[in-house]
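Participant: Just passing along the structure, written as structure tokens.
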Amino acid sequence: MATELGSFTAGQVLTAGDLNDIATWTTYTPAFSAGVTVGNGTWDAAYNIVNKILFFQGKFTLGSTSAITGSVGLTIPDSRTISDNSEILGNCRLFSGSGSPNVFYGAVQESSSTSVSLVVYNSSTTYLSGSNLSATIPATWVTANTLAISYCAKII
């Protein structure tokens, strides 16, 4: 469980330990709630909680037995809940395709009180929109392609 700041009162003296907790990051391996066969893919991810704000940063690298199979969703850290109103919480950068992978950009959005989903930005229409990921969107996924994800959310 991540270290959280306590409830402080006016005039209270903060200790070095209190201040050090502000920058404590906890290693975390999210579970995909949809759209991914993990196989031998790997996560490099961590989160931090400051007051009631959850900060998450992570990268999933596909292995030879991994696959993107549809719309991608993942759980938020530490069995927390976030306000569920489909807001954009952060960004994702998708390295997809074979050879020299293409770089695509997208958004992380709330999909429920315990999970977020990823969309890739689609510029094929008059206005920029989000499209769900799939086996071929934004490109065909192969070994060593990555999902780089960063977001923050208000926890309940």
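Derivation of every value follows stated rules applied to the coordinates shown; laboratory data play no part. Not measured: the values here are computed from a predicted model. As a convention, Cβ positions derive from the backbone with ideal geometry for all residues, glycine included, and neighbour counts pool all protein chains shown.
Participant: Run the numbers for T140 and D44: contour at 0.36 nm per residue of separation, minus the present Cα-Cα distance, in nm.
Facilitator: Length gained between T140 and D44: 32.3 nm.
Participant: Roughly how far apart, in whole Å, are the Cα centres of the range 16-57 and the range 93-136?
Facilitator: 20 Å
Participant: Turning to a different aspect of this structure: Can you give the charge dipole size of the chain about its Cα centre, rounded to the nearest 20 debye, using +1 on the beta carbon of Lys and Arg and -1 on the beta carbon of Asp and Glu? Could the numbers behind the result be given before it?
Facilitator: Working: 5 positive and 8 negative charges, 61 e Å.
That gives the chain a dipole magnitude of about 300 debye.
Participant: Which one of D78, D44, D18 has the biggest mean-square fluctuation once the chain is modelled by GNM with Cα springs under 10 Å?
Facilitator: Fluctuation is largest for D18.
Participant: Taking the range 102-156 as the region of interest, what is the percent of Cα-Cα pairs per 10 angstrom bin, listed from the shortest bin to the one with the maximum distance?
Facilitator: Spelled out bin by bin, the range 102-156 gives 19, 48, 27, 5 percent.
Participant: Still on this structure, please answer the following. Given I49, A10, A153, which one lies farthest toward the positive end of the charge dipole of the chain, if we put +1 on the Cβ of every Lys and Arg and -1 on the Cβ of every Asp and Glu?
Facilitator: The residue sitting most towards the positive pole is A153.
Participant: Please give me the summed charge of the neighbours of S66: other residues whose Cβ is under 15 Å from its Cβ, Lys and Arg +1, Asp and Glu -1. If you can, show how the numbers build up before the last one.
Facilitator: Details: positive: K59; negative: D44.
Once positives and negatives cancel, what remains is 0.
Participant: Can you match Rg/Rh (Cα atoms, Kirkwood Rh) to one of these, (1) 1.54; (2) 1.05; (3) 1.02, based on a calculation from the structure here?
Facilitator: Looking at Rg/Rh (Cα atoms, Kirkwood Rh) for this model, the match is (2).
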